[in-house]
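The values are calculated or read from the model by the stated rules, or taken from the named source; none is laboratory data. What you see is a predicted model, and the numbers here were worked out from it, not measured in a lab. Cβ coordinates were reconstructed from backbone atoms using ideal geometry, including for glycine residues, and neighbour counts include every protein chain displayed.
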Amino acid sequence: MEKIKTLKQVKKLHRHKKLLKKIPYDVCLIVYGNNLIFKDHQVAITRTPTNHQLSAIELAIAAQNLLIQADIKKTNIALALPSSELIATKLKLPAVGVNQQNIKSVVNLQLPNLLPGLTEQLLLAVQVSSQNKNTFALWLSAKRAEELWQAFNDAGLLLSCILPRSLVALSGHTKELCQVYDEDDDMITCLEWSPLENNIQRWIQVSKHDCDFPELNQQLDESLSKFNDNKEQIYKKDIEHWQNITVSPMANNYAFFPASMIAHINNKKLKYKKLSLVFIAMLLIASLAGGAYFAKSNQQELEQHLTDLRKQTRKASQLNMEITQMTEKFAIIQEFPKQDIVIVLAALNNFFPKNSWITSFKMQEGTIKLEGYSPEPNQLIEVLSEHPNIYDVVQSRDSVREKNKAAWKFGISFKLKGYNTNYQKKYFIE
C-alpha cells in the first residue's frame, strides 16, 4: 500500500510540473534591500529618504546599469520583489466547483471579506488546492505594477512579469514539502510549499520593526516552531544568498502581470494574426498566378502541337486520333474550375471579429476548411452563411475551450459557389 501511495504522489507531481506556466522572460532581477541582483552582479540603489520602498524609476535605472554591467543586451525581464510589497491572505476554498480556470474569479468575490476596507485595485496570484486544503493568495498593488512597467519601458526595457522573491528561492527538484525562510532589513517571511499541490500551504510575514516588541517576537517564535524541522528548508538571510541562484520555475505560477504588459502581448498577437492572413492571401494569390501561367503555357504548347499535326502528312485516321487526344487534354485546362479565393480571403479579413483568428486554412475541390479561435464560433457561421459566394456552411468539429484561453477552438467548413463539382469526377476518376 505504501508503494502504491508513493507511486500516486510521483504521478501527481509529474502532472503538476506539466502545468507550470511558461513565461517569456530571459533574466530575473532580484530586489534585496537597496540592491538589485543578477547572478554575481549587483547594483546598490540610493533610496529617496522619504520613500518606504524603492521607486519604479530607481529600479528601472538600476536594472539598466545592471544589465550593462552583466553585458546583457535588450531582453525580457522578470522582477522579483520582496514580501514587503505583497499582501498574503489565507483561503478556504469550496470543496467542489473550483478549478484553475475560475479560481481567480472565486477569490476576487471574497476580496471584501479577505481585505475589508481596502479600495485600492490589486493584482491577484493564486493556485487551486485539491482535497479541500488551505492555500494562500498573494496580492500586489496594480498601480505599483503599472508604474514599474512604465518606468522599465521608458528605460528601453520590457518588464514581462513580477515574481514574489521568496518563491524564486524554491528548490525545483524537491518531492516533499519545502520551507523557505526569507529575511531582509524590513521583513521576515516564512512559507511552506507543496510540490504535490503546486501551491503555498503556509505563509508567515512579520515586519522586523514589530520584532522589537517582546510580545510580537514571542508570537513569531511560536509560529516558527510549528514548522517541521524534518522538511527541506531553504534560508535566505544575506545578499550573498541571492547571488548565482537558479530561479525556480514554480514561482511562475504566482507571477503578476501589469495591465500594460497584457496589452502589449495582445497587440503582438493581433499583429501576428494580421501578418498570417496577409501571408495566406499572398501565398494563394501566388499559387493562382502560377496556375494561370501554367495553364496559359500549356495552352500555347497544345495549340502549337495541333498546328504541327495538321501540317504533317500522316494518315487521316491517325491524325484524327491524335487531334482528338490533344483536344481532350486541352479540355482539362479549359474546364478548370474558377475559384474566387482572393475575394473570399478579402471578405474573411473584413468581417472577421478582432477577437477571432484563423490557425488553419485548407481548400479542396471547392470546399474550404477553417480552424481557429473565437469567443463566439456560432456567430462566425451566421456571418459566413450570409456571404453571396459561400454556401453549405457547417461546423466541421466540436468547439472546445482550451486551458488558459478565453476563446473557443472552432472548425468550420463551407463551399464556394461557381465551382464545377463534376470536374474531378470527369477527369480524375481512379
**Message:** Can you tell me how many residues within region 253-266 are part of a helix (DSSP H, G or I) and crowded, with 18+ Cβ neighbours inside 10 Å?
**Reply:** 3
**Item:** Among the candidates GLY97, GLY117, residue that is surrounded by fewer than 14 Cβ atoms within 10 Å (Cβ to Cβ), within 26 Å of the chain's Cα centre (by Cα) and farther than 24 Å from VAL247 by Cβ
**Value:** GLY97
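Just for region 361-407: of the residues that are more than 19 Å from the chain's Cα centre (by Cα) and of a type in the set (Lys, Arg), which one is surrounded by the most Cβ atoms within 10 Å (Cβ to Cβ)? Give the steps one after another, and end with the answer.
First, the residues of region 361-407 that are more than 19 Å from the chain's Cα centre (by Cα): 361-370, 376-399.
Next, only the ones that are of a type in the set (Lys, Arg) stay: 362, 369, 397.
On the way: LYS362: 11, LYS369: 15, ARG397: 13.
Only one residue fits best here, namely LYS369.
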**Message:** On the basis of being outside any helix (DSSP H, G or I), assigned by TED's automatic domain parsing to the domain that holds THR75 and touching a residue at least 60 places away in the same chain (Cβ under 8 Å), does ILE200 make the cut?
**Reply:** no
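Do we have SER166 as among the polar types (S, T, N, Q) and either in contact with a strand residue (DSSP E or B) (Cβ under 8 Å, 6 or more places away or on another chain) or in the same structural domain as THR135 (by TED's automatic domain parsing) (or both) here? Please lay out each step first, then the result.
Values: among the polar types (S, T, N, Q): yes; either in contact with a strand residue (DSSP E or B) (Cβ under 8 Å, 6 or more places away or on another chain) or in the same structural domain as THR135 (by TED's automatic domain parsing) (or both): yes.
Criteria met by SER166.
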**Item:** The one condition in (1) more than 14 Å from THR367 (Cα to Cα); (2) at pLDDT 80 or above; (3) of a type outside the set (Gly, Ala, Ser) that LYS403 fails to fulfil
**Value:** (2)
**Message:** Testing LEU36 on (1) part of a strand (DSSP E or B); (2) more than 26 Å from LYS236 (Cα to Cα); (3) not charged (D, E, K, R), one condition comes back false. Which one is that?
**Reply:** (2)
**Complete:** Residues of region 142-171 being under 21 Å from ILE188 (Cβ atoms) and either out of contact with any Leu (no Cβ under 8 Å at 6 or more places or on another chain) or hydroxyl-bearing (Ser, Thr, Tyr) (or both), in sequence order, are SER166, VAL168, ALA169, LEU170, SER171
**Message:** I'd like to check something: does region 94-109 contain any residue that is more than 30 Å from GLN64 (Cβ to Cβ) and touching a residue at least 60 places away in the same chain (Cβ under 8 Å)?
**Reply:** yes
**Item:** Among residues of region 358-391, those that are of a type outside the set (Asp, Glu) and more than 20 Å from ILE285 (Cα to Cα), counted
**Value:** 15
**Complete:** The condition of being of a type outside the set (Gly, Ala, Ser), buried (at least 19 other Cβ atoms within 10 Å of the Cβ) and not in a strand (DSSP E or B) holds, among GLN150, GLN179, GLN127, only for GLN127
**Asked** Does at least one position in region 72-90 carry a residue that is assigned by TED's automatic domain parsing to the domain that holds GLN53, on the phi > 0 side of the Ramachandran plot and at pLDDT below 85?
**Response** no
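Yes/no matrix, rows are residues, columns are (1) modelled with pLDDT under 75; (2) farther than 26 Å from ASP26 by Cα; (3) not polar (S, T, N, Q):
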| residue | (1), (2), (3) |
| --- | --- |
| SER171 | yes, no, no |
| GLN179 | no, yes, no |
| TRP203 | no, yes, yes |
| LEU224 | yes, yes, yes |
| LYS236 | no, no, yes |
| SER260 | no, no, no |
**Asked** Only one of these conditions is not met by VAL394: (1) part of a strand (DSSP E or B); (2) in contact with a Leu (Cβ under 8 Å, 6 or more places away or on another chain); (3) not polar (S, T, N, Q). Which number is it?
**Response** (2)
**Message:** Just the residues that are surrounded by 20 or more Cβ atoms within 10 Å (Cβ to Cβ) and not in a strand (DSSP E or B), please, taken from region 184-195.
**Reply:** ASP184, PRO195
